[in-house]
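To start, the structure itself, in structure tokens.
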Amino acid sequence: MGEAAKTVIFEIERRNSTDEDSYWEKFELPYVMNMNVISALMEIRRNPVNIEGKKTTPVNWDMNCLEEVCGACSMIINGKARQSCTALVDQLEQPIRLQPMKTFPVVRDLVIDRSRMFDSLKKVKAWVPIDGTHDLGDGPRMPERKRQWAYELSKCMTCGVCLEACPNVNDKSDFIGAAPLSQVRLMNAHPTGAMNRDARLNAIMGEGGLASCGNSQNCVESCPKGIPLTTSIAALNRDTTVQMFRNFFGSDRMVD
Amino acid sequence: MSYYCIMMVCGFRCFRNILSALDAANQCFEGGKILDNNREFLMRRLHSLLGIIPIGLFLTQHLIVNHFATQGVESFNTASHFMANLPFVIFLEIFVIYLPLMYHAFYGLYIAFTSKNNPGHYSYLRNMLFVAQRYTGVFLVVFIAWHVFETRFQVAIGADEADFNMMANILDNPFMLAFYIVGVLAAVFHFANGIWSFLVTWGITQSEAAQKNATYFTLLVFIVLSIIGMRALFAFV
């Protein structure tokens, strides 16, 4: 085109392992039309040379689906937690700063360990138990409009962005965060799942559960899937209010 | 759970041993059992409730009684005398003010210091209010402690009398006046925003629209109570 070759500058917060101190490294890459953060990281991997022209180790990151449905490539881009696969370089201010989501243990560079989210899903019993000794036949029917609504909640990909954005999920608190709470609402909305709704409600009334939410509502603003997380939390607040009185006044009716 | 019930009905209990693997998954759902670790849940709910009843109601009542100051010295002294001589006033104070306020203050400090505020990168309205709720809360612990020491405590040790002159003397100092202006505004903000979170915490406002309407309502509460509080304060100057 006759112009000087356009470049893109990245600043990446790196570390070699969980216990080591972090350091910043800058990279300058040739601009490619429609490039995103992942394609830039791939370019660094292909040619791991930093801005000073020194050869360095390739930057580690996590990725899988590349279409914002798997939740693996979450990182902090220019201060905000989001998916790197949908972070288009054209829409980002430069230099582009990449950091790992430090709410989670950092494995190396931008790779984090999101195991705690899967542990939380187990804690809150975010599944529907249907195992039996024989075919139990069809479950109760779910109204179509309810299915469409529940589908939105089921889009959660356990990416961890809501936990990173939450001021109450940190090393001083054991709050499980919005994602597993919203899954409780999803499972409790399922006609078969609803048969055990009290068990899930009691689980989220435990330590680090629903009550630790401080309503900063960063989760719903940050969720890449647009899940109504704060509506889920408020709805669960109502359900647990009822459950609390049921527990206290000793009703023997566990499920509706 | 469901297969378990069917087994019970059929009386084939011995099958349970063979099926223990299946049982493991389903036993997690031994529903209805109240967990004994829900203390945090109950404490947070109590914290939310006490902020409105009685503390928020007391704050409103306190500001309205103060507003008598705008009608003159005599009027304020009559109202203040009435409040100070309510029957069983010491018990009213202990159970409606001191105990709930102390619980709300100390548990609130714990809540405030276990959050990691991030208004810089996530500067959404609700997050800003979240941070402001914590800052005003911490400030109010200091302000209210000082305010009680300067007024109620002085009356208790017989050093002063709770009347118009007491407040006029305190607010004579411009630094104290500024401290009180900030204190009253902080208290009114903390209460108004606290109504909003109370409505969410108890599951009353759920949808985005309902929560937005609650924001407008609490903004109105903030404005109205601020006007009442400021008018009362400036009546002493």
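What follows draws every value from the coordinates through simple rules; no lab data is involved. Just so it is clear, the model here is predicted, and its values are computed rather than measured. Note: ideal-geometry Cβ built from the backbone for every residue, glycine included; neighbour counts use all protein chains shown.
For the reader, a short list of remarks on this structure follows.
- Counting Cβ atoms of other protein chains within 10 Å of each Cβ in A:214-224 and taking the mean gives 6.
- Scattering curve values for the range B:37-235, log₁₀ I(q)/I(0), Debye with Cα scatterers, q = 0.10 Å⁻¹: -0.46
- Ranking of A:Val169, B:Val141 by count of other Cβ atoms within 10 Å, fewest first: B:Val141, A:Val169
- Summed residue charge, Cβ within 12 Å of A:Val128's Cβ, Lys/Arg positive, Asp/Glu negative: +2
- Annotation: extensible slack from A:Cys70 through A:Phe249 equals 60.1 nm (criterion: 0.36 nm per residue apart, minus Cα-Cα distance).
- Long pairs among A:Lys26/A:Lys80; A:Lys54/A:Lys80; A:Lys155/B:Lys212; A:Lys122/B:Lys116; A:Lys125/A:Lys146; A:Lys155/B:Lys116, criterion Cα-Cα beyond 23 Å: A:Lys54/A:Lys80; A:Lys155/B:Lys212; A:Lys122/B:Lys116; A:Lys155/B:Lys116
- Measuring between their Cα centroids, the range A:62-85 and the range A:124-166 lie 23 Å from each other.
- Chain A: angle of helix A:178-189 to the longest principal axis, Cα-based, in degrees nearest 10: 40
- Theoretical FRET efficiency, 1/(1+(r/R0)^6), r = Cβ-Cβ of B:Asn173 and A:Asn47, R0 51 Å, to 0.05: 0.15
- P(r) tail fraction, chain A - alpha-carbon pairs more than 29 Å apart, %: 41
- Across the protein assembly as shown the C-alpha pair distances fall into 10 Å bins from zero in the proportions 3, 16, 22, 19, 17, 13, 7, 3, 0, 0 percent.
- Note on chain A: with a GNM built from Cα contacts shorter than 10 Å, the maximum mean-square fluctuation among A:Asp171, A:Asp239, A:Asp119 falls on A:Asp171.
- Build a GNM of chain A with springs between Cα atoms under 10 Å apart, and of A:Asp131, A:Asp174, A:Asp198 the one that fluctuates most is A:Asp131.
- For the protein assembly as shown, a simple Cβ point-charge model (Lys and Arg +1, Asp and Glu -1, everything else neutral) yields a dipole of about 1020 debye relative to the Cα centre.
- Three-way shape label, the range A:1-63, alpha-carbon gyration tensor, a/c 1.5: prolate
- Loop-resident sites, the range A:1-105, for GluC sites (Glu not before Pro), counting at most 15 other Cβ within 10 Å (DSSP): A:Glu3, A:Glu20, A:Glu52, A:Glu67, A:Glu93
- Among the cysteines of chain A, those with no neighbouring cysteine Cβ under 4.7 Å are A:Cys73, A:Cys85, A:Cys156, A:Cys159, A:Cys166, A:Cys213, A:Cys223.
- Charge context of A:Ala81, other residues only, Cβ under 13 angstrom, K/R +1, D/E -1: +3
- Quotient of C-alpha Rg and 2.2 N^0.38 Å, computed over the range A:115-249: 1.06
- Sparsely packed trypsin sites (Lys or Arg not before Pro) within the range B:82-168, loop by DSSP, other Cβ within 10 Å at most 16: B:Lys116
- With Cα atoms, 0 to 90° folded angle of helix A:229-249 axis to chain A main axis: 30
- FRET efficiency for B:Phe95 and A:Glu20, using Cβ-Cβ distance with R0 set to 51 Å, rounded to 0.05: 0.40
- When the Gaussian network model of chain A links Cα atoms closer than 10 Å, the mean-square fluctuations of A:Lys123, A:Lys26, A:Lys55 top out at A:Lys55.
- The residues neighbouring A:Phe118, those whose beta-carbon lies less than 15 Å from its own, together hold a net charge of +2 under the Lys/Arg +1, Asp/Glu -1 convention.
- Ranked by how many other Cβ atoms sit within 10 Å of their own Cβ, fewest first, the residues B:Met128, A:Met117 fall in the order B:Met128, A:Met117.
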